[in-house]
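What follows is a set of notes on a single structure, which appears directly below.
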Amino acid sequence: EQAKRMNAAEAKRKEDLRTKKEAEDNVYDLLKNKELLEWSRSDSPVRMYLREMGQIPLLTKEEEVEISKKIETGEDVILDAICSVPYLVDFILEYKEPLVNRERKVKELFKNFDDDDNDDDSDDDTEEDENSDDEDLDSQEDVESNKKQKKLDKRAEAIIEAFKNLEKAKKDWMKFIAKEEVFDSTDEVEVMQHQLAISFKKKLLKEALIDLGPTSKLITEIVKAMETALKSDTGFDSELKRLEYKLPLFNETLQKNHEKLLNNIINLSKAQITSMVPEATMVSTYMEIKKLFQTKEASKGGFDLEPEQLKDILEQIKRGKKITDEAKTRMAKSNLRLVVSIAKRYTNRGLPFLDLIQEGNIGLMKAVDKFEYKKGYKFSTYATWWIRQAISRAIADQARTIRIPIHMIETINRINKIIRKGIQENGKEPDVEEIAKEVGLPVDKVKQVIKITKEPVSLEAPIGSDDDGKFGDFVPDEKAPTPVDNIMKEDLQNQIDQILGQLNEREQAVVRMRFGLMDDESDRTLEEIGKELAVTRERVRQIESSAIKKLKHPKVGKNLKNYVES
């Protein structure tokens with residue numbers, strides 16, 4: 001019985017321990033689940049982004065090559081389809097003038113040309129008035145401007161040359177196509193030679209297109225043009241109505257003007273359309289309508305294909321675009337961790353972490369477009385440069401409240417590097433003279449550059465733990481009088497009143513008006529005082545002389561001596 005009781009007690013003790021442990025585990029799991037729930041519900045987009053990004057597997061070098069080949073295959077399918085339709089080649093050739101005139105950005109349409117990210121930035125908006133007389137900095141900017149202009153000219157020449165090659169290849173191909181219509185030889189060798197010649201010319205046309213490198217945006221515009229051509233009149237009318245719905249045609253005059261525009265819109269320039277519409281906001285819509293009419297008119301005889309053939313080519317372009325887009329998306333998603341790892345090095349430089357990731361992702365997408373797997377490099381090695389360049393450019397352009405030009409950022413970075421080196425080697429910051437000697441700029445210019453690097457402080461910045469104060473509340477107003485000045489002025493006024501109280505009424509009035517002690521604080525001439533007091537000028541002078549004589553007595557003016565000395 002005793003042993004039975006002991007065993008029962010031991011079993012109960014173990015059961016209690018197990019129950020207690022389970023309860024503790026349940027509490028731990030509850031707390032852990034609560035923490036995970038709070039973490040998953042966190043309003044931090046960074047955590048959500050990193051959690052989703054961590055679920056995407058990385059790529060091996062072999063997988064990168066495989067994806068690159070898929071991109072290449074998709075692009076080859078698209079180019080092969082475009083080369084089958086002369087109108088589509090003409091459609092691309094129409095972009096030559098807008099690109100040369102810089103009406104369209106090169107990087108939006110073609111990826112095989114170096115594009116300056118700051119094409120739209122004007123030089124004068126990066127200058128400050130205080131540096132207008134800075135000859136050295138101005139000369140530096142002139143050099144940068146000349147380099148930029150030479151780069152733009154060189155790029156324009158490359159664009160013109162590439163379009164010339166494309167146009168020549170298209171003409172040569174069309175010549176053989178025209179010969180095929182009248183080619184009636186029955187000799188198999190001649191037929192084969194002719195077919196090989198056509199294939200060769202088409203290959204040259206395709207290579208000319210590859211040299212341009214159409215972007216996804218351009219392919220989308222081509223697809224849209226083909227879809228417009230395939231639309232029935234009902235589809236065209238519905239598209240036209242959709243655009244017309246954007247226009248404020250709420251009275252008869254506007255409707256008549258609209259009909260007049262539609263009748264001749266293909267032949268109207270943008271300037272003519274602008275002069276004919278009542279509001280500038282309507283111009284962009286009318287330009288879309290013009291493009292719609294142009295596409296329909298051009299496609300009537302331009303495609304020179306049956307609708308079924310046109311549909312097949314459109315499907316081929318869409319299929320190639322889908323293959324390319326899916327491969328590029330996979331390549332980009334698998335390297336998002338690389339962007340985050342690089343973006344971490346650029347924190348605390350003026351941009352939020354998410355913005356750094358976003359800019360790095362833009363660089364990553366550009367790297368995907370330009371990656372050449374045949375050179376044997378791993379994609380991450382190639383993409384790192386593009387990601388770093390995109391983040392660095394974003395920090396230079398966006399991190400500061402007042403934008404500083406890129407060439408000035410480079411000078412600032414050189415100066416900061418010299419300062420850091422001086423602190424590491426000597427334990428103190430180098431003098432301005434030493435910095436100027438190393439940078440190769442005059443001392444005054446180095447001081448100006450250092451002054452530019454200082455960040456502006458907002459007057460609305462909160463001050464104090466309760467955020468109940470603003471920085472602007474503590475900034476002194478240099479033009480406003482200080483409390484001490486107000487007290488001194490008030491005391492001086494009282495002293496003057498006491499002293500003038502020893503004079504008679506007429507003497508007080510003359511002295512106050514003569515020396516600007518009245519409310520208007522304006523000095524009056526003897527004649528003006530005489531007119532106000534109805535006495536002669538000479539009499540006013542006599543009264544003034546008598547009053548001054550009394551005020552010069554040592555006992556009278558001794559209290560004003562301190563004010564005169566100060």
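FYI, it's all coordinate maths here, none of it is from the lab. Please read all numbers here as calculations on a predicted model, not as lab measurements. Quick reminder, even Gly has a Cβ in these numbers, built from the backbone with ideal geometry, and neighbours come from all protein chains shown.
Per-residue Cβ neighbour counts within 10 Å put Val540, Val446, Val439 in the sequence Val439, Val446, Val540, beginning with the fewest.
Evaluating 6.51 cos²θ - 1.76 cosθ + 1.60 at θ = phi - 60° for every residue in the range 55-64, the Karplus couplings come out as 7, 8, x, 7, 10, 7, 4, 5, 5, 4 Hz, glycine and proline recorded as x. For Gly469, nonlocal amide neighbours, meaning residues 5 or more places apart or on other chains whose placed amide H falls under 5 Å from its own, are Ile463.
Between the DSSP loop rule and a limit of at most 16 other Cβ atoms within 10 Å, which chymotrypsin sites (Phe, Trp or Tyr not before Pro) in the range 463-541 are left? Intermediate values should be presented prior to the final figure.
On the way: sites: Phe471, Phe474, Phe515; in loops: Phe515.
Listed in order of number, the matching sites are Phe515.
Step through the table entries Lys105/Lys421; Lys69/Lys164; Lys105/Lys328; Lys202/Lys366; Lys168/Lys378; Lys105/Lys246, compare each Cα-Cα distance with 32 Å, and write down the pairs that go over it. Display every interim value, and only then the final one.
Working: Lys105/Lys421 41 Å; Lys69/Lys164 29 Å; Lys105/Lys328 22 Å; Lys202/Lys366 29 Å; Lys168/Lys378 37 Å; Lys105/Lys246 26 Å.
Lys105/Lys421; Lys168/Lys378, as the Cα separations exceed 32 Å there.
Sorting the segments 352-364, 392-404, 49-61 by their mean number of nearby beta carbons within 10 angstrom, highest to lowest, gives 352-364, 392-404, 49-61. Whole-Hz Karplus values for the range 165-171 come out as 4, 5, 5, 5, 5, 5, 5 Hz, taken residue by residue from phi with 6.51 cos²θ - 1.76 cosθ + 1.60 and θ = phi - 60°; glycine and proline positions read x.
Only the Cβ atoms of Lys and Arg (+1) and of Asp and Glu (-1) were treated as charged; on that basis the dipole of the range 483-565 about its Cα centre amounts to roughly 600 debye.
Local charge for Lys270 was computed over the other residues whose Cβ lies under 11 Å away, with Lys and Arg +1 and Asp and Glu -1, and equals 0. Using the Karplus relation 6.51 cos²θ - 1.76 cosθ + 1.60 with θ = phi - 60°, the per-residue 3J(HN,Hα) values for the range 78-92 come to 5, 5, 5, 5, 5, 5, 7, 10, x, 4, 5, 5, 5, 4, 6 Hz, with x marking Gly and Pro. Neighbour counts of other Cβ atoms within 10 Å put His194, His258 in the fewest-to-most order His194, His258.
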